[in-house]
1. Would you mind checking the tilt of helix 137-146 against the longest principal axis of the Cα atoms of the chain, expressed as 0 to 90 degrees and rounded to 10?
2. Between the helical axis of 232-248 and the dominant principal axis of the chain, each derived from Cα atoms, what acute angle in degrees is found, rounded to the nearest 10?
3. Could you give the size of the charge dipole of the range 192-275 about its Cα centre, using +1 on the Cβ of each K and R and -1 on the Cβ of each D and E, expressed in debye and rounded to the nearest 20?
4. Relative contact order of the range 26-189: what whole-number percent is it, with Cα pairs under 8 angstrom and at least 6 residues apart?
5. So for the chain, averaging the separation of alpha carbon pairs under 8 Å that are six or more residues apart and normalising by length, what relative contact order in percent results?
6. First obtain the Kirkwood hydrodynamic radius of the chain from its Cα pairs, then insert it into the Stokes-Einstein equation at 37 °C and 0.692 mPa s, and state the resulting D in µm² per second as a whole number.
7. Mind checking the dipole of the chain: about its Cα centre, +1 per Lys or Arg Cβ, -1 per Asp or Glu Cβ, Debye to the nearest 20?
8. Given the options ASN236, ASN151, ASN202, which has the most mean-square fluctuation in a GNM of the chain, springs set between C-alpha atoms less than 10 angstrom apart?
Amino acid sequence: MYNSFFGLRENAFNLSPDPAFLYRSPQHEEALANLIYGVQSRKGFIALTGEVGTGKTTMLECLRDFLGGQRIPFAYIFNSRITPDQFFEMLAYDFGLPGTRFTKTEVLFALNNMLLDRGRAGTTAVLIIDEAHNLDWDVLEEIRLLGNLENRRGKLLQIVLSGQPELDLKLDAPQFRQLKQRIALRFALHAFTAAETEEYINFRLAHAGLANQKVFDENVAGMINQRATGIPRLVNLICDNSMLIAFALNSRHVTPEMVDEVCADLKIDAGPAFTDLRRQPVFPSRPRKA
Ligand SMILES: Nc1ncnc2c1ncn2[C@@H]1O[C@H](COP(=O)(O)OP(=O)(O)OP(=O)(O)O)[C@@H](O)[C@H]1O
Ligand SMILES: [Mg+2]
């Protein structure tokens, strides 16, 4: 609506996880490198966690692009509130496995054949599960068992579990200790720092056609970072709504008052001290330099 007023080709602050708008912050860069490295070196299980709105699904979309480019087959399960039977059905559909009834036995048989073929051809296949914190114990147990398929050169199926920090808690529970031990790579996404939020805003606007933007100055970007507690989805929401107000007032600059108004309307307050959500030490088991 306001795009041409600001000189934008498209909306800069869409809420969809679009890899074309990927801002390569050091942690997002590292998360993606971990996902790709884990798949390529057939590590088996890889876990990606992060607070709501920190970019997990965006990372998975980037991974899907990579896999598509490499012609590595993958199944993507985004609805994790499923029964074991539904899980096997989804696997079969997504991998395009032959069969008609998609019972567990039929799917396991077809999957095993497909994976052995891929293994012999020196390649692999990937199962990606988003919102994995919602998976029931019995589905997680089936997933763990799929991780046992291997040949001499490594795991035949790479399994990416992505979810909110509750996934980490789940994996720490005693009944999941067998699965936890199998996770070869773990990475956690955290909120942006103030400098990253500013770069993120600049990047998204530049990508949408507005290089060297003057809509948000450094002060306003800092304020947005604080209100959004460095969470990219909230940054998008605040920026989009602020630009709408600026447009309505025929102004090409967003002011602190406009940000205040947006946050009041959207009921976004500063929330917990935003330092709580800032980067904590992460524990990649991959050496930083491959
Ligand atoms: N590094 C990034 N570059 C560009 N956009 C990003 C980045 N990280 C997050 N975003 C944007 O933030 C929003 C939320 O991202 P995404 O949906 O990937 O988060 P999520 O962690 O999967 O959230 P949820 O826990 O609710 O599923 C999207 O609009 C996405 O485009
Ligand atoms: Mg998501």
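Values in this text are rule-based calculations from the coordinates and carry no lab data. Remember, predicted model here, so these are calculated numbers, not experimental data. Cβ sites come from the backbone with ideal geometry, for glycine too, and all protein chains shown count toward neighbours.
1. 60 degrees
2. For 232-248 against the chain, the angle is about 30 degrees.
3. Details: 6 positive and 11 negative charges, 43 e Å.
Using Cβ point charges on Lys, Arg, Asp and Glu, the range 192-275 gives about 200 debye.
4. On the way: 265 pairs, mean separation 63.5, N = 164.
Relative CO of the range 26-189 lands at 39 percent.
5. Numbers: 450 pairs, mean separation 73.4, N = 290.
25 percent.
6. Details: Rh = 20.6 Å.
In µm²/s, the coefficient is 159.
7. Numbers: 32 positive and 34 negative charges, 306 e Å.
Rounded to the nearest 20 debye, it is 1460 debye.
8. ASN151
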